[in-house]
Each structure stands twice: as structure tokens, then as C-alpha cells.
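See structure below.
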Amino acid sequence: MRRRGSLLLLLALISSCFPARAFAQQQRPQQRPSQTGTLRGRITYATTGEPIHNVGVQIVQLRLTTVTGDDGSYEFTNVPAGNYTVVTHLEGIPDAARTVTVAAGEAVVSDFALQLTDLREQVTVTASGIEESTAESFRSVNSVTSITLAEESHPSLGEVLEKEPGVAKRSFGPGSARPVIRGFDGDRVLVLKDGVRTGSLGSQSGDHGEPIDVLQLERLEVVKGPATLLYGSNALGGVVNAVTRDEQSPHEGLRGFFTGLGGTTNNQAGVSAGVEYWHKGWAFWGGGTGQRTGDYDTPLGPVPNSKTRMTTAEIGVGHFGTKGFFSVSYNHDQRRYGVPFAAEFEPGEEEEGDAAAAAFTGGLFDVPRAEEEEAGQIDLDMRRRNVRVSGGLRDLDAFVSGVRASLDFTDYRHQELEGETVGTTFDNDVFSYRAQFDQRRYKVLNGRFGFEGFARTYETVGAEALVLGPIEQKMFSVFGLEELDFERFKFQFGGRVETNRLRPSDPQLPARDFTGFSGAAGVLFRVYPGGSVIANYTHSYRAPALEELYNFGPHIGNLTFEIGNPDLTRERADGVDFSFRHSTPRARVDANVFYYRLRDFVFLAPVDEDGDGVVDIEDGLTVARYLQGDSRYTGADVGASFDLGEHVGVTLGFDVVSARLKDGDVPLPRIPPMRGRVGLDLRRGGLSVRPEAVFVRDQDALFPTETRTAGYAVFDLLASYAIARPHFAHIFSVNAFNLGDRLYRNHLSFIKERAPEIGRGVRFTYTVRFF
């Protein structure tokens with residue numbers, strides 16, 4: 001009944017924002033001809049020059065959208081004079097964005113030559129809540145298209161994103177790898193799907209993964225740095241948003257894709273397919289993926305129980321009219337993956353001292369013998385069922401020009417299996433709602449505001465039930481983001497008020513309420529055409545996570561005996577980011593430096609109750625209690641690509657982060673080491689050959705329970721060939737990784753002493769798209 005009441009309240013609030021006349025088709029106020037111009041152009045493939053039809057083209061600031069005809073042409077008439085961002089979109093082809101100037105009484109021609117490559121990807125919808133060019137975004141954004149997601153297909157989100165500047169992976173094996181953004185992990189990195197929380201438990205533990213099927217996505221967007229303003233306190237470190245489809249470009253007819261892949265070294269195999277059919281504004285879609293990997297090989301031999309299995313399916317229907325739209329979809333995600341070496345940390349499996357040494361002293365650097373593999377295995381069986389209803393209005397002749405709203409219910413469960421016996425069951429039911437209202441642009445002012453919240457029921461049952469009984473959590477927030485856009489600079493500011501309430505059923509655990517404010521201000525200077533400098537200040541608040549407050553007991557996934565702290569206070573962060581962006585047809589640069597100071601930072605501190613100078617051991621695990629102290633994060637990340645000629649390009653990447661507790665200047669755990677990347681892009685026609693080298697420094701800034709990891713260099717080679725035609729595109733790719741079969745270890749892996757990273761191998765991918 002509470003959920004039904006929330007649904008009715010949301011619908012009532014949306015309806016009350018508009019008079020009845022807003023639902024009728026409205027026309028924009030007429031501009032005098034002397035005040036308007038025309039924008040037209042043609043969209044073709046860069047490799048063949050052939051036209052592409054049904055490409056969505058949008059003038060972002062005006063929310064005007066059209067599609068190309070059979071000859072690839074588009075046209076906007078009566079466009080008010082000014083500077084605009086024009087964005088193209090076609091499923092499966094990287095979006096393109098360009099700034100154009102429309103002069104009164106003139107016709108401007110802006111042609112686009114689209115490439116089946118990621119080098120010119122320039123679009124984000126996550127950073128500010130609207131579709132915009134990454135060059136014009138206040139936040140630094142990494143955007144990974146469907147083409148690269150197929151070429152770099154992995155069973156987990158962290159594995160897919162680890163090559164992006166500023167992003168690393170935390171893992172307990174390949175099935176559970178999760179992104180770490182600028183050193184932030186866990187509850188400080190928020191994973192979304194189409195702007196809504198996934199309802200997973202990936203942030204809680206190193207052996208918990210994220211139920212995101214990358215082969216069914218249009219793109220993955222990573223917002224680096226605090227994104228609490230639009231998405232909540234869990235986004236203090238950054239956001240990963242999985243974007244599934246574009247609802248702003250209605251089209252007629254059938255579209256779809258098929259992807260098949262196979263790989264060595266882990267015996268990877270998978271297929272994915274999807275189809276959309278549009279007719280008179282009605283859309284029907286469906287798709288699914290099946291993928292598996294076996295135990296992966298390393299230069300020392302295979303890592304036992306590192307296999308993964310995944311199947312997903314989604315269906316949906318919607319209507320997308322001139323002024324309004326709605327859709328309903330259902331998604332099912334089922335996966336099972338091994339948690340390597342987890343059985344060795346189960347109580348009673350080893351002597352306590354030996355287990356602690358295995359976890360933290362670095363004394364075990366060899367893959368175990370076959371007889372050791374038979375000691376037992378632990379798998380994680382994950383299931384997510386999701387229903388989403390979304391809708392909205394657009395192009396309204398009112399103060400609010402558009403609204404987007406969604407209702408989302410997720411039934412999430414995963415079970416930790418000891419052989420085929422269920423050891424622990426985790427249940428997490430989440431009902432989420434969100435509404436965002438877009439303001440009509442008034443002179444130089446534009447913005448958006450909204451509200452969101454969720455009601456969550458969390459419960460664990462079994463051997464690793466760290467909290468007894470269910471816990472209810474509710475969050476509600478209101479937010480606003482405004483922007484002043486002048487000719488040479490933009491100014492953005494906004495705020496968010498959020499409240500969290502936690503109600504444990506266990507009478508021995510206290511109820512907690514947290515309310516906090518997050519605010520941000522930034523300025524973007526356009527120093528020359530295609531070049532800008534950005535400065536941001538952010539004040540963020542984070543409520544302590546449920547597990548930080550209430551956990552008590554052995555937690556294999558974090559290799560600790562965890563002791564929660566129900567007296568924790570809210571976390572507060574103040575940060576500054578400085579960025580330089582350069583975007584021209586031949587060069588693209590995104591360089592960032594940052595400094596964040598966190599007060600009352602929550603961390604797991606090793607416990608030495610008897611004061612003997614040795615960390616306490618309980619159930620074979622290091623005892624750690626959640627405490628608070630001030631900390632600071634500093635660092636930089638750079639991504640760049642340059643075209644040296646018609647057939648040669650260069651890509652560069654770099655990131656570094658230092659994170660320490662201020663009291664005693666102690667390094668924080670699992671912070672990524674310094675890393676650099678250099679690659680070439682050799683192109684001719686539809687062929688692209690991209691050799692790449694990644695150089696990683698050793699990590700010797702260590703938390704007291706950590707061990708050092710050595711530096712390394714890894715060489716990869718990716719080649720692809722595209723056959724592009726007006727109504728279809730074939731893409732063949734070969735990804736050869738770790739060509740030197742280098743033995744190396746990920747510093748952010750919970751089992752790095754036991755499990756090196758994957759050895760030399762190759763992955764083959766084929767994708768066909770029709771439109």
C-alpha cells in the first residue's frame with residue numbers, strides 16, 4: 001500500500017505542474033524572419049560517403065529534433081539566431097556533436113561524416129541531466145559506445161571500464177569487478193541504468209557484482225568527480241550510467257542488431273541481439289544476451305573457480321508523440337560466477353594466522369595445486385527482475401518546457417553457494433521514483449529541477465547474515481541546477497537537499513535519520529573556438545551506508561571481520577576541479593586536476609584491542625571497525641586523441657591519484673597506482689588497426705593491511721573492419737590482449753596475491769546493425 005500511495009502521489013505532482021492545455025500540441029512563439037535563420041545539412045558515412053537515413057538530429061538548447069531522409073539530409077527552419085549544439089544519434093553508431101552559429105536571415109550548412117569508431121564520441125546525457133556535448137559539459141565524462149562495448153566485452157562492469165582515464169577496477173574475480181573512479185569505491189560510486197539506480201548490492205562487498213549487460217547498451221557514461229547534485233549522496237565519487245536507448249528520435253520501421261563473440265584464455269563465448277519496431281509513434285522492442293567464460297589462464301596457470309555465466313532478456317512498449325511519451329519495460333538478469341579462493345577464508349578452513357597472512361602479508365604468490373582446488377568452491381548466484389514505467393512531456397509553451405518521470409521496481413536477490421548449498425541469501429527490494437522538469441530557456445538562463453526518492457527493504461539470511469532481520473530505508477530529495485550561458489562563458493550553480501531514514505527491525509539496532517545539503521558552482525570559459533577552461537567547486541554530503549552502520553560478523557567479500565558503527569555521522573566533502581578541453585576535427589583533449597577534502601570520512605580501521613601491535617583476528621579474518629576521520633584526495637586524469645594525417649591517429653591517457661587520512665598521513669586502501677596509456681589508430685577505408693601500450697607504476701603507498709604491487713607494462717592490439725551501407729553496417733573486430741603474456745597484478749583486487757590478471761589471449765567479435 002505504501003508503494004501504491006507513492007505512485008499516486010508522483011502522478012498527482014506531475015499532473016499539477018501543467019494546465020490541461022499543456023497536453024495539447026503547442027507551437028513555439030513565432031519569430032520574425034529577420035530574427036531567425038535556417039540550419040540544414042547532410043549526414044553520411046566518413047568511409048564511403050554514402051548517406052544515412054533515419055538519423056536523429058537535435059538542436060540541444062531548443063529541444064528541436066528531426067530525422068534525416070533517404071538522401072541523408074535534414075533541415076531546421078525558423079531557428080532563432082544564436083550559438084547551438086547540434087547532436088546526431090543513430091543506434092549503434094557513435095553520436096557526434098558540433099557547435100554551430102545561426103545568423104539572422106541566413107542559411108547555415110552543417111554536414112556530418114559519421115565514423116564507426118570511438119575517437120569522436122562527444123555526447124553525454126548524464127553530466128547535467130540533458131543531452132549535450134562533452135566538450136561543453138561542466139563535468140569530465142568518459143563515454144563508451146556500443147562498438148567499444150562489443151570489442152571489449154567482459155562479464156562485469158569494472159572489466160569493461162578499466163581502460164578509461166580516471167577509472168580502475170576493484171574485484172574479487174572477473175565476475176564481480178566494479179568501477180573505481182578517482183580512487184573512490186563502494187557506496188561513493190553510484191551505478192545507474194538510464195538515470196535510475198539498479199537496486200543491486202555491488203557497492204557493499206568486493207565479491208558483489210553489478211547486473212549491467214553491456215552488449216545491450218547504447219553507451220556507458222562515467223561522470224568523474226562528485227555528481228551528488230543530480231543523483232544523490234551515493235554519487236560523492238562519481239556516477240556510471242548505462243544508457244539503453246534514445247527516446248528523443250522517433251522513427252518508422254525496423255531496427256536491430258546481432259553480436260557474436262568468442263575468445264581464448266578464458267573460453268569466452270556469447271551472443272546478443274535486439275530489435276525495435278516503430279509504427280505511427282508506437283515502439284516495441286526486445287532483446288537478450290547469453291554469455292559465458294571459463295576459468296581464465298595466467299602465466300602461472302588457470303585461476304580456479306573464476307568462471308562466469310550470464311543471461312539477460314528485456315521487452316518493452318511505448319508511445320512517443322510530438323508532445324508526450326510513455327513506455328513500460330521489463331528486464332530480467334540472471335548470472336552466476338565463481339568467487340576464487342573465497343572458500344579458503346571460510347572459518348575453520350585454515351588456521352587463523354595462516355588465513356590472515358594469505359589475505360594481507362603477500363606470502364602466497366602461486367596459484368594453488370590441483371588438490372587444493374578440491375577443498376571447496378563458493379559461487380554467487382545473482383538474479384535481478386525490474387519493471388520500469390517512464391513518461392513525460394516536451395516542447396511545452398510554458399515555464400516548464402518538458403518533464404521526464406519514471407517509476408522503477410527492482411526485485412534483487414543473490415545467493416552465496418557453497419557447492420550447491422545456499423550459505424547466505426541477500427534480498428534487496430527497491431521502489432524508485434524520479435521526476436525532472438526542464439525550464440524553457442529565457443535569454444541566457446536555462447535549467448532544470450526535480451525530485452527523487454526510493455523505498456528499500458534489505459535482508460540477509462544465512463551464515464553471512466551480518467545484520468539480523470530486515471532493514472527499511474527511505475530516501476527523498478529535491479534538486480535544482482541552473483545555467484547562465486553568455487557568449488564567452490557559462491556559469492552553472494545548483495543545490496540538493498536529501499534525507500535518509502533507516503529503520504532496522506532488530507530492536508538492538510538504533511534507527512538513524514540523516515539530512516544534508518549538497519551544492520555546486522562552476523564556470524566554463526570559451527578561450528578560443530573549440531577550446532575551454534572549466535573550474536568547479538562542489539560541496540557534497542553522504543549519509544553512512546547501511547553496512548557501515550549495522551554490519552557485525554565475518555565478511556569474506558571484504559576479507560574482514562566487520563564491526564559496524566551505529567554512531568557514525570554524515571560525511572561532508574568540499575572539492576575543486578580544474579579542466580581544459582580542446583575539441584576540433586583533428587584533436588580532442590580532456591585534462592583534469594582535482595582536490596577533495598572529506599570531513600568525517602568513513603573507513604574500515606584494523607582493530608588491536610589488546611595493544612600488542614598485531615591486528616586482531618576473528619574467524620580467520622582481520623578484525624576491522626568502521627571509524628571516521630578527515631581525508632583528502634588529489635590527482636589528475638587526461639584523455640587525448642590526435643589525427644596526425646588522414647590515415648594515422650594517436651591516443652593518450654594518464655591518471656594518478658593520492659588519497660590519505662589526514663591524521664597520521666596514512667594512505668587509504670586500494671588506491672590505483674599511476675598509469676599511462678599510448679596507442680595508434682591506423683585507418684584506411686573501413687579498416688582500423690589500433691596497437692596500444694599501458695604502463696602502470698608500482699604502488700607502495702600502502703594502508704597498514706595492504707601489500708605492495710609491482711609496476712608493469714601490457715601491450716594490446718585491436719583491429720576492426722567495417723562495411724557501412726545506408727541501411728546496415730557490419731563490424732568485424734579482433735582484440736589481442738596482453739601480447740607479451742606479462743605476469744601482473746591488480747592492486748585493487750582483494751585476491752591479488754593469489755590471482756594474477758589474465759594472460760595472453762584473443763577475442764573475436766562480429767556485429768551487424770540494420771536500420
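Quick notes on this one:
- Restricting attention to segment 475-490, the residues that are in a strand (DSSP E or B), surrounded by fewer than 17 Cβ atoms within 10 Å (Cβ to Cβ) and more than 23 Å from the chain's Cα centre (by Cα) add up to 3.
- Evaluation of Glu483 against the conditions (1) more than 19 Å from Tyr541 (Cβ to Cβ); (2) among the charged types (D, E, K, R); (3) modelled with pLDDT of 95 or more shows that the sole unmet condition is (3).
- Pairing each residue of segment 710-738 that is under 30 Å from Asp297 (Cα atoms) and assigned to a strand (DSSP E or B) with any residue that is among the acidic types (Asp, Glu) and open to solvent by less than 40 Å² (accessible area, probe 1.4 Å), provided the two are 6+ apart or on different chains, yields C-beta distances under 6 Å for Asp716/Glu692; Ser733/Glu151; Asn735/Glu151; Phe737/Asp716.
- The residue that is most open to solvent (accessible area, probe 1.4 Å), among those in segment 226-258 that are among the polar types (S, T, N, Q) and in a loop (DSSP other than H, G, I, E, B), is Gln248.
- Annotation note: of Arg440, Arg448, the sole residue that is open to solvent by 20 Å² or more (accessible area, probe 1.4 Å) and among the basic types (Lys, Arg) is Arg440.
- Within segment 460-474, considering residues that are open to solvent by 70 Å² or more (accessible area, probe 1.4 Å) and assigned to a strand (DSSP E or B), the one nearest to Gln439 (Cα to Cα): Lys474
- Residues being under 11 Å from Gly173 (Cβ atoms) and of a type in the set (Phe, Trp, Tyr) - total across segment 743-767: 1
- Residue check, Ala398 open to solvent by 20 Å² or more (accessible area, probe 1.4 Å) and outside any strand (DSSP E or B): yes
- Total residues in segment 179-190, condition in a strand (DSSP E or B), open to solvent by less than 10 Å² (accessible area, probe 1.4 Å) and either within 17 Å of Ser233 (Cβ to Cβ) or of a type in the set (Gly, Ala, Ser) (or both): 3
- Extreme residue, farthest from Gly286 (Cα to Cα), among residues of segment 375-395 that are touching a residue at least 60 places away in the same chain (Cβ under 8 Å) and assigned to a loop (DSSP other than H, G, I, E, B): Gln377
- Flag for Ala150 being among the small types (Gly, Ala, Ser), at pLDDT 80 or above, surrounded by 21 or more Cβ atoms within 10 Å (Cβ to Cβ) and part of a helix (DSSP H, G or I): yes
- Against the list (1) aliphatic (A, V, I, L, M); (2) surrounded by fewer than 19 Cβ atoms within 10 Å (Cβ to Cβ); (3) outside any strand (DSSP E or B), the condition Ala535 fails is (3).
- Residues that are part of a loop (DSSP other than H, G, I, E, B), closer than 30 Å to Leu380 by Cβ, in contact with a strand residue (DSSP E or B) (Cβ under 7 Å, 6 or more places away or on another chain) and open to solvent by less than 20 Å² (accessible area, probe 1.4 Å), drawn from segment 277-305: Asn305
- Wholly enclosed strands (runs of 3 or more DSSP E) of segment 1-88 bearing at least 2 residues within 29 Å of the chain's Cα centre (by Cα) and modelled with pLDDT of 80 or more: 56-59, 64-67
- Note on segment 674-733: among residues that are among the hydroxyl-bearing types (Ser, Thr, Tyr) and closer than 19 Å to Pro94 by Cα, the one that is surrounded by the fewest Cβ atoms within 10 Å (Cβ to Cβ) is Tyr721.
- Members of segment 557-593 found to be open to solvent by 10 Å² or more (accessible area, probe 1.4 Å), within 27 Å of the chain's Cα centre (by Cα) and of a type in the set (A, V, I, L, M, F, W, C), listed by number: Val576, Phe578, Phe580, Ala587, Val589, Ala591, Val593
- Segment 214-225, residues that are open to solvent by 10 Å² or more (accessible area, probe 1.4 Å) and over 12 Å from the mean Cα position of the chain (by Cα): Leu215, Gln216, Glu218
- Within segment 491-528, if we keep just the residues that are farther than 25 Å from Leu230 by Cβ and without any contact (Cβ under 8 Å) to a residue 24 or more places away in the chain, the residue that is most open to solvent (accessible area, probe 1.4 Å) turns out to be Gln508.
- Options Glu136, Glu162, Glu106, Glu131; residue that is within 23 Å of Arg335 (Cα to Cα), open to solvent by 20 Å² or more (accessible area, probe 1.4 Å) and not β-branched (Val, Ile, Thr): Glu162
- Scan segment 306-338 for residues that are of a type outside the set (Gly, Ala, Ser), in a loop (DSSP other than H, G, I, E, B) and either surrounded by fewer than 21 Cβ atoms within 10 Å (Cβ to Cβ) or at pLDDT below 95 (or both) and the total you get is 2.
- Any hit, segment 614-632, residues being at pLDDT 90 or above and within 26 Å of the chain's Cα centre (by Cα): yes
- Per-region count, segment 746-771, residues closer than 20 Å to Asp295 by Cα, outside any loop (DSSP other than H, G, I, E, B) and not β-branched (Val, Ile, Thr): 4
The values are calculated or read from the model by the stated rules, or taken from the named source; none is laboratory data. Nothing here was measured: the structure is a model prediction, and the numbers come from that model. Note: ideal-geometry Cβ built from the backbone for every residue, glycine included; neighbour counts use all protein chains shown. Heavy atoms of the whole protein, side chains included, go into the accessibility calculation; ligands, DNA and RNA do not. Shrake-Rupley method; radii C 1.70, N 1.55, O 1.52, S 1.80 Å.
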